[in-house]
Amino acid sequence: MSNFKNVQPLEDFNWDEFENGSKVNVSKEELEKSYDETLNNVSEHQVVEGTVISMDKKEVVVNIGYKSDGVIPASEFRYDPDLKVGDKVEVYVESQEDKKGQLILSHRKARLSKSWDRVNAALENEEVIQGYIKCRTKGGMIVDVFGIEAFLPGSQIDVHPIRDYDVFVGKTMEFKVVKINQEFRNIVVSHKALIEAEMEAQKKEIISKLEKGQILEGTVKNITSYGVFVDLGGVDGLIHITDLSWGRVSDPHEVVELDQKINVVILDFDDEKKRIALGLKQLTPHPWDALDPNLKVGDHIKGKVVVIADYGAFVEVAPGVEGLIHVSEMSWSQHLRSAQDFLHVGDEVETVILTLDREERKMSLGIKQLKEDPWEAIEVKYPIGSKHVAKVCNFTNFGIFVELEEGVDGLIHISDLSWTKKVKHPSEFTHVGADMEVIVLEIDKENRRLSLGHKQLEDNPWDTYETLYTPGSVHVGKIIEMMDKGAVIALNEGGEGFATPKHLVKEDGTQAQQGEELPFKVIEFVKDSKRIILSHSRTFEEVKDDVKKPGRKHSGSKKEDAPVINNVAAGTTLGDIDALAELKAKMEEGE
């Protein structure tokens, strides 16, 4: 009882109402109505302001003036470590009560709802907003903007290409909202847009002052296979690979590197000054101007092969100074060949200056001039009548081209291959690459050609045949080839003759066949055309004619009646002459 000694009774307490248990003339419905009127009108799915009335590590209790308080997970307030009881916070009403009658609130959704409105306003008003770069993702970065995740493409981080995205993670930067997908609630932001806006005025000022020949400082922005892009302070220009160095450049990385500060000269630009051509090599003197002024035609000079083509090789004799060795100046040989047969890229060579034009900056070089021209003293080394061994190079229908040494070629005409054998094509006689004995017949120094012979290495057997195969003489021969027009007969004493079909009839009336060995009478010998016309039938026909002739005396000796063989001339009658004339006419017509 001692605990209540200081408690004073209420002066206006109505004991009658207390004893009766109810107020006079007031219903329960009216009491509930008056109670509800003291609470806020709260609708679901709206954002309202509340007050933090208590908090611990797990939950934050918020009063929004409703009949019950809402409980929000403490994790939703992790971004605000300074939150305390009594602070005003925005909350999103998800449901007025759950199964337990509890008010369901969300602070995160309230932030998102409000942030979405702010982001849309930022897009509409082109407002610059702050964002926190959370992490990398494919193609760019994830940025926290007002608690909403937005996408920052890699191409929109800076005006320069970004090679290391990781350095931006954890940074707070300014952005501009450039695109919003309302359906999927996707947001795209850009930092580059802010930089470009700032640079636009600067860019216009730079472009207005551009002049050809002007030297500017720039930063290497990008390197490609065909050249280098340089940032001139908001304006980009291109140094083509050919304008990087006076020498040949295969890769621009050999000359410059990314982010390097370099001086460049403006070579050209279009009317709107959007395409600007820059030069780097033009800032240094042309190597031709530094070339030794004492160099002259005929001097020897060393260099390195830098480019090679079928028609020749380019040799760098000094940095940026090149000369061309045409393939015709690589060897004294007249055969068509490729420069790759003599030189390769990277070869160090000694050359002779053939032409030198300092104004046109052109130089032609030669390497064959380092060796003596074999045609200078051709008559001494290859005099007419001298014998040599040559290599067969190629054939034509009319002869064989051979090489005696590099640069010294000769032709053996098909008629100079053999005294006796008729060669239809040179490939029947030899093959490419074979060695062949030759004799020099003629020298054409002006056209650098030799006329060569092969058959001349031996005596002309037709000089002997002329005395051996006299018309009327009989010789033994073998039929080696049969044709429609006659047969080719190889005579035992050398050489070949020809007999028409009517002169191949044997004494028994049959036709002589290939492989038979028979006596033949020479009925015509022409040394110039190397022609011997033979007849087998004449060897026995003329004997019969002699027997039939009246008044002729016979000794009865068999030896006298038989035809004379081996260079014994028979008597020539008028009938023989007519027959020979007729045969000759037919042979010429056949040929």
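The values are calculated or read from the model by the stated rules, or taken from the named source; none is laboratory data. Being a predicted model, the structure only gives us computed values, none of them experimental. Cβ sites come from the backbone with ideal geometry, for glycine too, and all protein chains shown count toward neighbours. Keep in mind that these areas ignore ligands, DNA and RNA; they rest on the heavy atoms of the full protein, side chains included. Shrake-Rupley method; radii C 1.70, N 1.55, O 1.52, S 1.80 Å.
Miscellaneous remarks
- Of all residues in region 257-268, those that are assigned by the TED database to the domain that holds residue 231 and closer than 16 Å to residue 245 by Cα have Cβ atoms under 6 Å from Cβ atoms of residues that are part of a loop (DSSP other than H, G, I, E, B) and of a type outside the set (A, V, I, L, M, F, W, C), 6 or more apart or on another chain, in 266/212; 266/214.
- Residue list for region 352-382, filter: within 30 Å of residue 432 (Cα to Cα) and either open to solvent by less than 50 Å² (accessible area, probe 1.4 Å) or part of a strand (DSSP E or B) (or both): 366, 367, 368, 373, 374, 375, 377, 378, 382
- Filtered residues of region 422-451 (kept if touching a residue at least 12 places away in the same chain (Cβ under 8 Å), assigned to a strand (DSSP E or B) and under 46 Å from the mean Cα position of the chain (by Cα)): 435, 436, 449, 450, 451
- Hits in region 246-287 - residues which are part of a loop (DSSP other than H, G, I, E, B) and under 30 Å from residue 164 (Cα atoms): 249, 250, 251, 255, 256, 257, 258, 259, 260, 274, 275, 280
- The residue of region 66-86 that is farthest from residue 48 (Cα to Cα), among those that are touching a residue at least 24 places away in the same chain (Cβ under 8 Å) and basic (Lys, Arg), is 84.
- Residues that are on the phi > 0 side of the Ramachandran plot and either surrounded by fewer than 16 Cβ atoms within 10 Å (Cβ to Cβ) or out of contact with any helix residue (DSSP H, G or I) (no Cβ under 7 Å at 6 or more places or on another chain) (or both), drawn from region 494-522: 494, 509, 515
- Candidate set: region 395-411, residues that are closer than 26 Å to residue 498 by Cβ and of a type outside the set (Gly, Ala, Ser); chosen: the one least open to solvent (accessible area, probe 1.4 Å): 398
- Residue in region 330-351 that is part of a strand (DSSP E or B), of a type in the set (A, V, I, L, M, F, W, C) and closer than 26 Å to residue 256 by Cα present: no
- Checking each residue in region 44-75 for being out of contact with any strand residue (DSSP E or B) (no Cβ under 7 Å at 6 or more places or on another chain) and modelled with pLDDT under 85 picks out 65, 67, 75.
- Hits in region 157-168 - residues which are open to solvent by less than 60 Å² (accessible area, probe 1.4 Å) and out of contact with any helix residue (DSSP H, G or I) (no Cβ under 7 Å at 6 or more places or on another chain): 168
- Taken together, the criteria exclude residue 218 from residues that are assigned by the TED database to the domain that holds residue 355, outside any loop (DSSP other than H, G, I, E, B) and not polar (S, T, N, Q).
- Checking each residue in region 114-156 for being under 52 Å from the mean Cα position of the chain (by Cα), without any contact (Cβ under 8 Å) to a residue 12 or more places away in the chain and open to solvent by 70 Å² or more (accessible area, probe 1.4 Å) picks out 124, 138.
- Test: residue in region 179-193 that is surrounded by 12 or more Cβ atoms within 10 Å (Cβ to Cβ), over 30 Å from residue 322 (Cα atoms) and in contact with a Gly (Cβ under 6 Å, 6 or more places away or on another chain): no
- Residue match in region 109-124 (condition: under 22 Å from residue 196 (Cα atoms) and either of a type in the set (Ser, Thr, Tyr) or part of a loop (DSSP other than H, G, I, E, B) (or both)): no
- Among the conditions (1) outside any strand (DSSP E or B); (2) buried (at least 17 other Cβ atoms within 10 Å of the Cβ), residue 225 misses just one, which is (2).
- Output for region 288-301, where each listed residue is part of a loop (DSSP other than H, G, I, E, B) and either of a type outside the set (A, V, I, L, M, F, W, C) or open to solvent by 40 Å² or more (accessible area, probe 1.4 Å) (or both): 292, 293, 294, 296, 297, 298, 299
- Any hit, region 210-225, residues being under 15 Å from residue 148 (Cα atoms) and in contact (Cβ under 8 Å) with a residue 40 or more places away in the chain: no
- Single residue of region 178-209 satisfying the filter (of a type in the set (S, T, N, Q) and farther than 20 Å from residue 270 by Cα) that is nearest to the chain's Cα centre (by Cα): 190
- Subset of region 464-491 (residues that are open to solvent by 40 Å² or more (accessible area, probe 1.4 Å), closer than 19 Å to residue 422 by Cβ and outside any strand (DSSP E or B)): 464, 466, 484, 485
- In this structure, residue 173 does not satisfy being under 41 Å from the mean Cα position of the chain (by Cα) and of a type outside the set (Val, Ile, Thr).
- Residue in region 135-156 that is under 24 Å from residue 92 (Cα atoms), polar (S, T, N, Q), outside the structural domain of residue 221 (by the TED database) and not in a helix (DSSP H, G or I) present: no
- Hey, residue 563 outside any strand (DSSP E or B), more than 25 Å from residue 467 (Cβ to Cβ) and modelled with pLDDT under 60 or not: no
- Residue-level check: of (1) more than 33 Å from the chain's Cα centre (by Cα); (2) at pLDDT 85 or above; (3) more than 27 Å from residue 409 (Cα to Cα), residue 359 misses just (2).
- Residues located in region 99-113, provided they are more than 19 Å from residue 148 (Cα to Cα) and open to solvent by 60 Å² or more (accessible area, probe 1.4 Å): 99, 100, 102
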